[in-house]
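Structure first, commentary second.
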Amino acid sequence: MMGFVVSLPQLLAEVETLRQAGKKIVTTNGCFDLLHIGHLRYLQAAKALGDVLIVAVNADASVRGLKGDLRPVVSEADRAELIAGLACVDFAIIFRGETPIPELQAIKPNVHVKGGQYTVETLPEAPVLQSIGCEIAFIEMVDNRSTSQLIEKIIRAYS
């Protein structure tokens with residue numbers, strides 16, 4: 001089944017229904033520029049931690065702030081639709097801030113997942129997640145799989 005790209009108000013209505021049905025809500029976030037196997041495996045592992053996976057996708061301006069003026073390669077609308085189209089993803093939203101803290105405060109997930117390069121101490125949203133009783137899980141990334149590496153390989157191939 002394909003997921004849906006939704007607004008935060010639409011998502012919150014869905015989450016309330018799902019929570020009442022006893023579903024475990026899992027969230028994660030990221031840029032997801034140039035979708036690759038590392039992203040897929042990460043999202044599949046995140047989904048395995050609960051019943052419903054919500055992915056917050058960085059808006060284009062946020063990606064530029066994190067990755068530089070040449071990124072993202074793929075627009076926020078396309079990235080969100082690609083993520084929502086994965087079988088393991090139930091909902092995708094686009095967040096506009098530096099972090100998805102306001103969205104996470106509203107969603108109140110049971111579990112929030114980040115890549116293994118983070119720790120509770122380095123995760124900006126950790127204090128908010130802890131204050132709402134959310135478990136924080138870390139998933140190791142697939143070795144030698146990153147969008148930045150993929151872009152570098154393409155540049156080398158066409159230079």
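Worth pointing out:
- About the Cα centre, charge dipole magnitude for segment 1-146 (Lys/Arg +1, Asp/Glu -1 at Cβ), debye: 160 debye
- For the chain, the longest principal axis of the Cα atoms and the long axis of helix 147-157 meet at an angle of about 20 degrees.
- Relative contact order of the chain, pairs being alpha-carbon contacts under 8 Å that are 6 or more residues apart, as %: 29 percent
- Normalised per residue, the volume of the convex hull around the Cα set of segment 49-91 (Å³): 72 Å³
- Placing R0 at 30 angstrom, the Cβ-Cβ distance between GLN20 and LEU66 gives a FRET efficiency of 0.25 after rounding to 0.05.
- Percent of C-alpha pairs per 5 Å bin, the chain, short to long: 1, 9, 18, 23, 23, 14, 7, 3, 1, 1, 0, 0
- Toward the positive end of the charge dipole of the chain, with +1 on the Cβ of Lys and Arg and -1 on the Cβ of Asp and Glu, the farthest Cα among TYR42, PRO100, ALA84 is that of TYR42.
- Given 12 as the ceiling on other Cβ atoms within 10 Å, longest exposed-site-free region of the chain for GluC sites (Glu not before Pro) in DSSP loops: 1-97
- Helix 37-47 vs. the chain, principal-axis angle (Cα, 0 to 90°, nearest 10): 10 degrees
- Contact order for segment 86-159, expressed relative to its length and based on alpha carbon pairs under 8 Å spaced 6+ residues apart, stands at 30 percent.
Coordinate-derived values only; no laboratory data. Computed from a prediction, not measured in an experiment: that's the story for all the values here. Counting neighbours? That spans all protein chains shown, and the Cβs are built from the backbone with ideal geometry, glycine included.
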